[in-house]
Amino acid sequence: MAAVTLTNVIKRFGVFEVVHGANIDIADGEFVVFVGPSGCGKSTLLRMIAGLEDISGGDIAIGGKVMNDVEAADRGIAMVFQSYALYPHMTVEQNLSFGLRMNGNPKADTERRVKRAAEILRIDELMQRRPKQLSGGQRQRVAIGRAIVREPQVFLFDEPLSNLDAELRVQMRVEISRLHKELGVTMIYVTHDQTEAMTLADRIVVLKAGNVEQIGAPLDLYDDPANRFVAGFIGSPKMNFLGAKIVDTSNSAAIIELVNHGGARLRKPLREAFPAIGAEVVLGVRPEHFFEAGQGDCDIPVKADVAEHLGSVSYVYANAGPEELIVEREASRQRASGDHFTVSIKAERSLLFDKAGARIR
Amino acid sequence: MRTQNATAYRFLTPYLLIFAIFWIWPIISSFIISFQATRTVPWRFAPAFNWGRLIGDPAFYNALKNTLLILVIQVPVMIALAIVMAVLLNSPLLKARGLYRFAFFAPVVVGEVAYSAVFRLMFSLDFGIVNKLLNSVGIPKIDWFSNVTPAMALIMIAVTWRWAGYNAIIILAGLQSIPEDVYEAATLDRVSKLKQFFHITLPLLKPVIVFCAVLSIIGTMQLFTEPFLITERGGPGGGTETLGLLLYRQGFRSLNFGYASAVAYTMAGLAIAITLVQLWLMREPK
Ligand SMILES: Nc1ncnc2c1ncn2[C@@H]1O[C@H](COP(=O)(O)OP(=O)(O)OP(=O)(O)O)[C@@H](O)[C@H]1O
Ligand SMILES: [Mg+2]
């Protein structure tokens, strides 16, 4: 059993605090992705779990046992590094078996484990090669193989795919997913790529500047983000944010005016909080949630600037006053630059945030 | 393209001329001289005169034996020491790293005469600090300059003192090019620091170590300054005479350029041969 629990974990480098009390519960066998922009502390968090970095405060428990002062090698984890970190002077086989050999593991067992890892990752053919004779994807497989051989309770991945080209990345993503199903162990995966996060994760932990912003299943984060940062980070292309103002509140709804769109108004039902009349707010609308004119609750005219046609869909970058909006349209509805058209927003397909970025529900 | 090359060569001409006159020509010329009897006027072609003498000359074998002995002991000890120094320099625990780096490198910068004089003082029989220190731990005084074995040891100590830091700096550069995450991966693999050193650091340093070894072999084959200045021209009684010193005595004391040239070519040939063997032994497995 290897659940991983982080309780108020703090990390300081000197006086500089980079992780400000993270609380994360990861269930046994779960695939959790840490995602966030560069420098937000993802790697630091992962390295603290691995034991490569000291913990300045709080507790990290693996399998119910507090690991703060346990050596990295004794934590039952294996880590796959972004740079692969293969031993350059050893063959693939030696790379896989090195740790076991150095610890006097019985030869037959080492061979069995290496063989199994090679089969799982389909690298049997490469066993006698050295890392520099391998392609990026093959090196990544070897790095994962080295982790498998350790038979850990928890796998840690630090941006394992970021050095691969787009096609290989998709392929390896599927492989890692398959691996998780096959091995059924806990996996913690760090990335700044929200697509990777969405496709791999059972649950996503969104981080920003050393704070946990939200934890949840991918689609929960997509549908119901806790704040503007999460809303903007999850989903591709990004959510549009339209400047707005509360002009009235009544009958468990707020009337909001889109200040950059000629006073267009929208009635947004609210359950929890009612902001003051006159308050500045932000309305978030995903590119795929702009409807045809008249089909939503509020129409706004826009002017196409650039259109990207991806085949199944097109993304139109449209100007509307000072705001640039990204609008998704089916490919058949191609737009040329300079076209004027109208899009419509539905109240239930939009999200309201206060000026500080907190969600107003 | 052609004209560009021609222009480039025109700019290079002054250098190439000097290179040809002061490098290429002496190399060719000394090769020719080594086949000439240079004790007669005019010099005449006599292949057996120098090379024949070399093969039967006890002074040559004495110098060769001394040179190889220094090579075989001093180079490995120095390289091992340099590796240890480099690892210490690279340690994150070390404070004032720049200072140590400079201190290790400084001996190379010190003038040869000055350093030799200091070594003579330090190892002097009655006034030297080394003998005083040995005395203080109960070891009797050693007469470093009048017995062959201590004199040879002194040469090796001096050469090692002078060049170990230099090699350590080169090896340090090699150490710093090994990525940190390889060690982290090994740590997660439960490989101890000592095993990491022998199974990761050393193998990855091999090219750098070979480079240092080749440089040191070439340097030691030409060893001249220390036996000339510290043990006073290869003393006691030729006990520390090296090939470099023999060459000097023959060429510039006895003005026997033919024989000196033959010795010079022997030194170069040996250095090349030893280096090739070394490279072959340390080659990358296919
Ligand atoms: N050894 C260190 N000393 C001082 N500060 C550090 C150290 N390592 C990381 N930091 C700082 O901690 C913060 C978080 O770094 P971290 O490497 O965890 O970011 P990350 O989320 O992994 O970013 P990326 O996506 O670029 O890898 C950064 O501001 C970084 O500058
Ligand atoms: Mg990182």
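The table below gives the values:
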item: Qualifying residue in the range A:143-153 (condition: open to solvent by 20 Å² or more (accessible area, probe 1.4 Å), part of a helix (DSSP H, G or I) and among the polar types (S, T, N, Q)); result: no
item: Total residues in the range A:59-81, condition out of contact with any Leu (no Cβ under 9 Å at 6 or more places or on another chain) and either within 20 Å of A:A22 (Cα to Cα) or within 16 Å of ligand 1 (Cβ to nearest atom) (or both); result: 10
item: Residue count, the range A:215-242 (criterion: open to solvent by 20 Å² or more (accessible area, probe 1.4 Å) and out of contact with any Phe, Trp or Tyr (no Cβ under 9 Å at 6 or more places or on another chain)); result: 12
item: Considering residues of the range A:195-210 that are within 16 Å of ligand 2 (Cβ to nearest atom) and part of a strand (DSSP E or B) only, the residue surrounded by the fewest Cβ atoms within 10 Å (Cβ to Cβ); result: A:K208
item: Qualifying residues in the range A:61-91 (those that are of a type in the set (S, T, Y) and within 14 Å of B:E184 (Cα to Cα)) - the one most open to solvent (accessible area, probe 1.4 Å); result: A:S83
item: Residues of the range A:56-92 classified as within 13 Å of chain B (Cβ to nearest Cβ) and not acidic (D, E), total; result: 20
item: Flag for A:R101 being open to solvent by 40 Å² or more (accessible area, probe 1.4 Å) and within 16 Å of ligand 1 (Cβ to nearest atom); result: no
item: Count of residues meeting criterion [open to solvent by less than 50 Å² (accessible area, probe 1.4 Å) and either within 14 Å of chain A (Cβ to nearest Cβ) or not β-branched (V, I, T) (or both)] in the range B:165-192; result: 17
item: Single residue of the range A:36-58 satisfying the filter (outside any loop (DSSP other than H, G, I, E, B) and closer than 16 Å to B:D189 by Cα) that is nearest to ligand 1 (Cβ to nearest atom); result: A:R47
item: Selected residue [touching a residue at least 40 places away in the same chain (Cβ under 8 Å), charged (D, E, K, R) and not assigned by TED's automatic domain parsing to the domain that holds A:G41] from A:E272, A:E257; result: A:E272
item: The listed residue being open to solvent by 30 Å² or more (accessible area, probe 1.4 Å), more than 14 Å from chain B (Cβ to nearest Cβ) and more than 16 Å from ligand 2 (Cβ to nearest atom), out of A:L183, A:L179; result: A:L183
item: Within the range B:44-65, considering residues that are open to solvent by 100 Å² or more (accessible area, probe 1.4 Å) and not in a helix (DSSP H, G or I), the one farthest from B:S254 (Cα to Cα); result: B:F45
item: Number of the condition not met by A:G58 [criteria: (1) within 16 Å of ligand 2 (Cβ to nearest atom); (2) open to solvent by less than 50 Å² (accessible area, probe 1.4 Å); (3) farther than 26 Å from A:G232 by Cα]; result: (1)
item: Contacts under 7 angstrom Cβ, first residue in the range A:17-45 being more than 14 Å from every other protein chain (Cβ to nearest Cβ), partner basic (K, R) and near ligand 1 (Cβ under 6 Å from one of its atoms), 6 or more apart; result: A:F34/A:K42; A:G36/A:K42
item: Residue that is farthest from ligand 1 (Cβ to nearest atom) [pool: residues in the range A:211-254 that are among the acidic types (D, E) and assigned to a strand (DSSP E or B)]; result: A:D248
item: Count - residues of the range B:193-212 that are away from every other protein chain (no Cβ under 11 Å), open to solvent by 10 Å² or more (accessible area, probe 1.4 Å) and under 19 Å from the mean Cα position of the chain (by Cα); result: 4
item: Qualifying residue in the range A:128-137 (condition: assigned by TED's automatic domain parsing to the domain that holds A:I10, buried (at least 22 other Cβ atoms within 10 Å of the Cβ) and either closer than 16 Å to A:F81 by Cα or away from ligand 2 (no atom under 16 Å from the Cβ) (or both)); result: no
item: One residue from A:L283, A:L266 being within 31 Å of the chain's Cα centre (by Cα) and under 22 Å from A:D297 (Cα atoms); result: A:L283
item: Selection count where residues are of a type in the set (A, V, I, L, M, F, W, C) and in contact (Cβ under 8 Å) with a residue 60 or more places away in the chain, scope the range B:124-147; result: 1
item: Leading residue by the ranking (farthest from ligand 2 (Cβ to nearest atom)) among those in the range A:1-55 that are among the aromatic types (F, W, Y) and crowded, with 18+ Cβ neighbours inside 10 Å; result: A:F31
item: Strands (runs of 3 or more DSSP E) (entirely within the range A:272-340) containing at least 1 residues that are of a type in the set (D, E) and more than 29 Å from A:K355 (Cα to Cα); result: A:298-309, A:323-330
item: Pairs where the first residue, in the range A:94-107, is within 15 Å of A:I144 (Cβ to Cβ) and within 9 Å of chain B (Cβ to nearest Cβ) and the second is outside any helix (DSSP H, G or I) and open to solvent by 30 Å² or more (accessible area, probe 1.4 Å), C-beta under 9 Å, 6+ apart; result: A:G99/A:N105; A:G99/A:R150; A:G99/B:R190
item: B:L229 vs. criteria more than 28 Å from B:L279 (Cα to Cα) and in contact with a helix residue (DSSP H, G or I) (Cβ under 7 Å, 6 or more places away or on another chain); result: yes
item: Flag for A:A320 being within 31 Å of the chain's Cα centre (by Cα), open to solvent by less than 50 Å² (accessible area, probe 1.4 Å) and within 27 Å of A:D224 (Cβ to Cβ); result: yes
item: Single condition A:Q94 does not satisfy, out of (1) more than 14 Å from ligand 1 (Cβ to nearest atom); (2) open to solvent by less than 50 Å² (accessible area, probe 1.4 Å); (3) outside any strand (DSSP E or B); result: (2)
item: Residue check, B:F224 away from chain A (no Cβ under 12 Å) and open to solvent by 10 Å² or more (accessible area, probe 1.4 Å); result: yes
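The values are calculated or read from the model by the stated rules, or taken from the named source; none is laboratory data. Not measured: the values here are computed from a predicted model. All Cβ positions, even for glycine, are placed from backbone atoms using ideal geometry, and neighbour counts span all protein chains on display. These area figures cover heavy atoms from the full protein model, side chains too; ligands, DNA and RNA do not enter into them. Shrake-Rupley method; radii C 1.70, N 1.55, O 1.52, S 1.80 Å.
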